[in-house]
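Below: one structure, written as structure tokens.
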Amino acid sequence: MDIKIQLKTVDWIGKLMIGNIDRLNVNKYLPQKPIFEKSENESNLDSNAFDVVVPEKVGIRSEYIEQFLVELSKNRDIDVHEVMILKDGKIIVNTAFAPYRTSIKHISHSMCKSIVSLALGCLIDDGKIDLQEKIVDILKQSTNVFNSARMRSITVENLLTMSTGVNFNEAGSIVENDWLAAYFDSAVTFEPGTKFAYNSMNTYVLGRIIEVKTGKDLFDYIQERLLNPLEIYDWYWERCPQQHLKAGWGLSFKIEDMAKIGQMCLDKGVWKGKRIISEAWIEELAKKKIDTLKEQNEYGYSYYTWIGKSEGSYIFNGMLGQNMVIIPKNNMVVITTAGSPRLFPNSEIMCCIEKYFMDSQKFVESGLTDNPMQYRRLCNVMDNLEFNCDYNEIRTRQIYHGGWKRKGHERIRKSGIDRKKEFEFISNRYSLKSNNVGIMPLFIQCLHNNYENGINEMAFEMQEDILIMKVSTSKEVHEIPLGINRYVYSQYALNEEIYEIASKCNIVDAYMGIIVMDIKIVFVETTNTRTIRCIFRNDSVKLEFNELPEIGKIIDGVSDMMNIPIRDINVNPLTALNEIEFTKYKIENVLNPKIQASVVE
């Protein structure tokens, strides 16, 4: 990265490390998230899009699908939110892990890069762009004589294959307002086209190129050429400080709409008999263009798609487990959303998908007849799936018969333990001794450029069967309802943006005047969850904050990808290198703070 931007980034991380959350917002903040609209229909399926059938109708045993879902459930490093499986153009699985719901738009992260690639394919089909065109020739107004010479050899294809060598990356987007100018002012670290270096700003630049070539906003072009023809209407895409689409990330839409794109790709660019994009471009997405690190994906990369393990397969992938896997060999599309601490396809989720739907040659059988008992067992599993929950706990729940529209978290058998006294004990107002943490997970704050002030006070009050948690900052007071051993839905407002949340608490221990309570606040439109462990004593509480996926597990991967040694950055650049361990401690304290609070009389 350019030294100026790197210094800005180091300064930003320094503020983060000393808890100056309210000073992190370098870019001007503009609310842009649409108001959340709750759907009354849990499955919210478009009846004209896909038929929903039992797995046996397409030659797969219900028991086999059940085994797949159980394996996903057992692995706590996966933390899946939603799963949809299409076989022969029909839905055989459409389920969510409570409190997630398939009717809610979910962040796709870098999965949307592949959609930008599809948009470029439409532009190529129209003869308006060539892959060998130089980016400095297309974006002349954003370049000068100096950076034009440095970037003269970078082509549109280099953007598509992540092989530009440009050093301005995702970290720079946090501290810079003009991303295109910063991109062109950045250094080129290797000869373009010679190796792979993942960089979301390449996709942002490609989005700006599509705008120049079409004379339209990228949002309007993608809507016109792709999403409207695919009958995808409920979506939003975040914009940069200059109000262009981020392109490389920031798209939220429903899992069924992801499935429409996947099925169109599986059908070689055709949707409901109408050609959306050329077969030639779809075929290009399945061909390896460049090698990648095995830690990322051992099968290589194409035009914003990752090559899959089985012949002809490829993946639309977003970090933390957002996957759309096209498997032509078995005429299948497998889609997941998740909160896994993995950045690339090489992950536990993909290993599970490969094991069940790529490696096995025997799971598709001809002549299967319906098996109502096995299908009912499959429905029972789907009805009782829960995010970040031990599968052994799921197995002990009351079993109910029914379809996919009802979710297990609404029907879990209530605990027989009377917790009234414990909740009376914790019903107090507490003053925090430090205020360097908020309710919103830090990952979301950084990603959305939407920062909140730290918590000053926290109070708990029982109202019937709901525990109300009141959280006070220097600017506002939030009331968050916590279901007792069950999720309840509400909304969390931050700087004029509304986030749908599902929250619950449970007392995990009570002994000798000490009560331990765990809180989960799930931001169901995102990949992230705030967790708080509260350890109550007579006149105080210790609050242990964390978030899922654990940001500490992904921070090293992010810093390596962005070429920022984040764990080795010192708070004070004048101090000696032997303080690195202290610096690491400071970072951990920001990511997972432990804060003492005392009762306010």
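Six or more apart or on different chains, Cβ atoms under 8 Å: show the pairs whose first residue is in the stretch 190-202 and closer than 7 Å to Ser163 by Cα and whose second is assigned to a helix (DSSP H, G or I) and of a type in the set (Asp, Glu).
Gly193/Glu157
Just wondering, is there one or more residues in the stretch 352-359 that are of a type outside the set (Phe, Trp, Tyr), modelled with pLDDT under 95 and surrounded by fewer than 18 Cβ atoms within 10 Å (Cβ to Cβ)?
Looking through the stretch 352-359, at least one residue is of a type outside the set (Phe, Trp, Tyr), modelled with pLDDT under 95 and surrounded by fewer than 18 Cβ atoms within 10 Å (Cβ to Cβ).
Is it the case, given these coordinates, that Leu293 is among the hydrophobic types (A, V, I, L, M, F, W, C) and surrounded by fewer than 22 Cβ atoms within 10 Å (Cβ to Cβ)?
For Leu293, the condition - among the hydrophobic types (A, V, I, L, M, F, W, C) and surrounded by fewer than 22 Cβ atoms within 10 Å (Cβ to Cβ) - is met.
Where in the stretch 132-195 are the helices (runs of 4 or more DSSP H), entirely inside, with at least 3 residues that are closer than 19 Å to Lys8 by Cβ?
170-175, 179-185
Taking the stretch 499-518, which residues are surrounded by 15 or more Cβ atoms within 10 Å (Cβ to Cβ) and either not in a strand (DSSP E or B) or not charged (D, E, K, R) (or both)?
Answer for the stretch 499-518, where residues must be surrounded by 15 or more Cβ atoms within 10 Å (Cβ to Cβ) and either not in a strand (DSSP E or B) or not charged (D, E, K, R) (or both): Tyr499, Ile501, Ala502, Ser503, Cys505, Asn506, Ile507, Ala510, Ile515, Val516, Met517.
Just to be sure I understand, how many residues within the stretch 475-498 are outside any strand (DSSP E or B), within 22 Å of His106 (Cβ to Cβ) and not charged (D, E, K, R)?
Summing the residues that are outside any strand (DSSP E or B), within 22 Å of His106 (Cβ to Cβ) and not charged (D, E, K, R) in the stretch 475-498 gives 2.
Looking at the stretch 110-130 only, could you name the residues that are crowded, with 22+ Cβ neighbours inside 10 Å and assigned to a loop (DSSP other than H, G, I, E, B)?
Ser110
If you scan the stretch 245-288, which residues turn out to be crowded, with 20+ Cβ neighbours inside 10 Å and assigned to a strand (DSSP E or B)?
Leu245, Leu251, Ser252, Phe253
Consider only pairs whose beta carbons are under 7 Å apart and that are at least six residues apart or on different chains; among these, list those whose first residue lies in the stretch 221-248 and is within 23 Å of Asp126 (Cα to Cα) and among the charged types (D, E, K, R) and whose second residue is part of a loop (DSSP other than H, G, I, E, B) and at pLDDT below 95.
Glu231/Asp46; Glu231/Ala49
Of all residues in the stretch 491-544, count the ones that are farther than 30 Å from Thr337 by Cβ and of a type in the set (S, T, N, Q).
2
Return a yes/no flag: does the stretch 423-431 have any residue that is at pLDDT 50 or above, in a strand (DSSP E or B) and of a type in the set (A, V, I, L, M).
Looking through the stretch 423-431, none of the residues is at pLDDT 50 or above, in a strand (DSSP E or B) and of a type in the set (A, V, I, L, M).
Please name all residue pairs, on different chains or six or more residues apart, with Cβ atoms under 6 Å, provided the first residue is in the stretch 528-556 and is on the phi < 0 side of the Ramachandran plot and the second residue is among the aromatic types (Phe, Trp, Tyr).
Pairs that qualify, where the first residue is on the phi < 0 side of the Ramachandran plot and the partner is among the aromatic types (Phe, Trp, Tyr), are Asn528/Phe443; Ile532/Phe545; Val541/Tyr430; Ile551/Phe443.
For the stretch 78-109, which residues satisfy the criterion of being under 26 Å from Glu211 (Cα atoms) and surrounded by 23 or more Cβ atoms within 10 Å (Cβ to Cβ)?
Passing the criteria: His106, Ile107, Ser108, His109.
The values are calculated or read from the model by the stated rules, or taken from the named source; none is laboratory data. All values derive from a computational prediction rather than experimental measurement. Glycine also receives a Cβ, built like all others from the backbone with ideal geometry; neighbour counts cover every protein chain displayed.
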